[in-house]
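Take a look at the structure below.
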Amino acid sequence: MDAIAGGFELHGKNNGMAILSTAAGGEHANHPRYTDQIVDFMNDWAKDAKKSGVYSPEAAKAKLDSVVKQITPQLQKIKGTGKKVNEMKLTLK
């Protein structure tokens, strides 16, 4: 992904959040629908950015950083509710 080439840290502290730790009875599970929403959004953004001539790895990183900031409060809303990340309908701009 170009955002990584632009400096986005996929496994960095800003791109992850514990919803409920496994020690507290939670479990880590895959979340393909959640991931697909982000990938689809970024692909659409990249297509538009390329058409308008503003696409670069640095721009992709900046956009993905923005997406992470948008997702964080959405994840915090479901923390402790029992709702699964994979069931979320993300709102992204």
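Determine the alpha carbon to alpha carbon distance for each of LYS51/LYS89; LYS50/LYS83; LYS61/LYS89; LYS63/LYS83; LYS51/LYS84 and list only those over 30 Å.
LYS50/LYS83; LYS51/LYS84
Would you tally the net charge around PRO32, using a Cβ to Cβ cut-off of less than 13 Å, leaving PRO32 out, and scoring K and R as +1, D and E as -1?
Local net charge: -1.
Work through the residues other than GLN70 whose Cβ is under 14 Å from its Cβ and net out their charges, Lys, Arg +1 and Asp, Glu -1.
+4
Can you tell me the alpha carbon radius of gyration of the stretch 48-93 divided by the globular rule-of-thumb value 2.2 N^0.38 Å?
1.49
Values quoted throughout were computed directly from the atomic coordinates according to the rules given, and no laboratory measurement underlies them. Source: prediction; values computed, not measured. Positions of Cβ are generated from backbone atoms using ideal geometry, with glycine treated the same way; all protein chains shown enter the neighbour counts.
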